[in-house]
Amino acid sequence: MAAEILLISILAGIVGSVLGLGGGIVVTPALTLLFGVDIRLAIGASIISVIATSSGAAIAYIKDRITNVRVGMFLEIATTVGAVTGAFLGGLMSPAVLYIIFGLLLLYSALAMLKKGKSELPQDVPMHPLAQKLKLQGAYYDKALNENVSYHVDNVYGGFGVMYGAGVVSGLLGIGSGSFKVMAMDVFMKLPLKVSSATSNFMMGVTGAASAGVYLFRGDIDPGIAAPVALGVLIGATAGARIMQRMKSTTIRKWFVPVLTYVAVQMILQGTGVIV
């Protein structure tokens with residue numbers, strides 16, 4: 001089973017790195033639905049995969065200046081506090097409730113991203129006063145478009161609030177809450193999707209580490225499961241970082257929506273008892 005988990009985790013790392021969602025988007029449902037692992041142990045392993053995804057992808061994205069480190073560090077304040085909150089709440093909730101919350105949140109994220117349509121880059125984005133004060137704006141070279149892209153940052157307060165919720169989701173479900181992180185930056189703060197994805201990957205490691213200690217203390221991290229997950233996700237995330245830079249934002253969205261929708265439906269059915 002360890003070899004199968006390793007292969008699934010490599011796929012999880014690629015998907016998580018490209019979409020900025022963390023390996024948990026694939027790891028948690030794969031362990032529970034395919035291997036029959038208890039949801040709490042799956043979430044514990046998923047927390048480890050989130051840290052591995054961040055480690056594997058962040059280096060490449062920072063080197064190519066796609067990651068907005070200032071935005072990431074500013075928003076990490078909200079997600080870290082939220083992650084600790086969510087980790088403690090997780091021990092008080094039943095597995096069925098966790099499944100349903102997981103599915104509904106992912107489904108909502110998919111619908112929000114679908115509304116973005118065929119937009120490649122944000123247009124006519126105003127500079128929020130706080131963003132200007134903190135110098136959150138940035139620029140990067142887009143290898144798919146073969147051009148330099150400069151961008152502004154809007155609605156800082158809205159993004160900060162969503163990031164706290166993202167941290168709570170991470171602590172509750174062990175998914176890195178990348179879907180909400182990407183949505184907050186892409187939809188609320190109007191960053192380019194690639195910047196949102198890369199910055200989400202950068203942030204997830206810190207968010208995951210903030211709640212991993214709680215899961216370890218509770219005994220929800222099984223080394224026999226977490227070890228192949230971490231190795232596979234690290235390999236996949238490193239490869240995924242290279243793939244993402246050659247893709248257009250519209251193509252990334254085409255990956256994003258179906259993956260989230262499928263996993264969301266599966267987890268909701270699991271939580272309601274339709275799928276055992």
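The values are calculated or read from the model by the stated rules, or taken from the named source; none is laboratory data. Quantities reported herein were computed from a predicted structural model and do not represent experimental measurements. Counting neighbours? That spans all protein chains shown, and the Cβs are built from the backbone with ideal geometry, glycine included. Just the protein is used for accessible areas: all its heavy atoms, side chains included, with ligands, DNA and RNA removed. Shrake-Rupley method; radii C 1.70, N 1.55, O 1.52, S 1.80 Å.
With the contact rule set at Cα under 8 Å and sequence spacing of 6 or more, what percent relative contact order holds for the chain? Working shown, then result.
Working: 579 pairs, mean separation 111.4, N = 276.
It comes to 40 percent, rounded to a whole number.
Take the Cβ-Cβ distance between residue 261 and residue 35 as r, set R0 to 22 Å, and report the resulting FRET efficiency rounded to the nearest 0.05. List each step's numbers first, then the result.
Values: r = 22 Å, r/R0 = 1.02.
Calculated value: 0.45.
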>> Helix 95-114 against the longest principal axis of the chain: what's the angle in degrees, Cα atoms only, rounded to the nearest 10?
In response: 20
>> If the elastic network links every pair of Cα atoms under 10 Å, which of 34, 114, 105 fluctuates the most in the Gaussian network model of the chain?
In response: 34
> Angle between the Cα long axis of helix 69-90 and the longest principal axis of the chain, 0 to 90 degrees, nearest 10?
Replying inline: 20
> Helix 24-33 sits at what angle to the longest principal axis of the chain, using alpha carbons and giving 0 to 90 degrees rounded to 10?
Replying inline: 20
>> Give the aspartates and glutamates reachable from residue 194 as a straight Cα distance under 19 Å; neighbours fewer than 8 places away on the same chain don't count.
In response: 64, 76, 120, 124, 142, 147, 154, 186
> Using the Cα gyration tensor of the chain, with a ≥ b ≥ c the square roots of its eigenvalues, what is the shape: rounded (a/c below 1.5), prolate (a/b larger than b/c) or oblate (neither)?
Replying inline: prolate
>> I want the local charge near residue 166. Using Cβ-Cβ distances under 14 Å, sum +1 for each Lys or Arg and -1 for each Asp or Glu among the other residues.
In response: -1
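For residue 96 and residue 124 in the same chain, what is the full-extension length gain: residue separation times 0.36 nm, less their Cα-Cα distance, in nm?
Numbers: separation 28, 0.36 × 28 = 10.08 nm, distance 4.36 nm.
Stretched out fully, the residue 96 to residue 124 stretch lengthens by 5.7 nm.
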>> Under 19 Å from a point placed 7 Å out from the Cα of residue 2 along the Cα-to-Cβ direction: which residues of the range 221-264 have their backbone N that close?
In response: 221-236
> In Å, the Kirkwood hydrodynamic radius of the range 1-56 over pairs of distinct alpha carbons?
Replying inline: 10.8
> Can you pick out the pairs among 115/135; 63/118; 115/181; 63/190; 135/254; 63/181 whose Cα atoms lie more than 26 Å from each other?
Replying inline: 115/135; 63/118; 135/254
>> Per residue, how large is the accessible surface of the range 78-166? Use a 1.4 angstrom probe and give square angstrom.
In response: 53
>> Loop by DSSP (not H, G, I, E, B), at most 11 other beta-carbon atoms within 10 Å: where is the longest site-free stretch of the chain for trypsin sites (Lys or Arg not before Pro)?
In response: 1-114
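Hey, how much of the P(r) for the range 151-275 falls beyond 24 Å, as a percent of Cα pairs? Display every interim value, and only then the final one.
On the way: 2886 of 7750 pairs.
Taking all Cα-Cα pairs of the range 151-275, the fraction more than 24 Å apart is 37 percent.
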> When Lys and Arg each count +1 and Asp and Glu each count -1, what net charge do the other residues less than 13 Å away from residue 20, Cβ to Cβ, add up to?
Replying inline: +2
> What is the percent of Cα-Cα separations in the range 33-160 that go past 19 Å?
Replying inline: 67
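More than 12 Å apart: what percent of Cα pairs in the range 222-261 qualify?
Details: 524 of 780 pairs.
So the portion of pairs separated by more than 12 Å is 67 percent.
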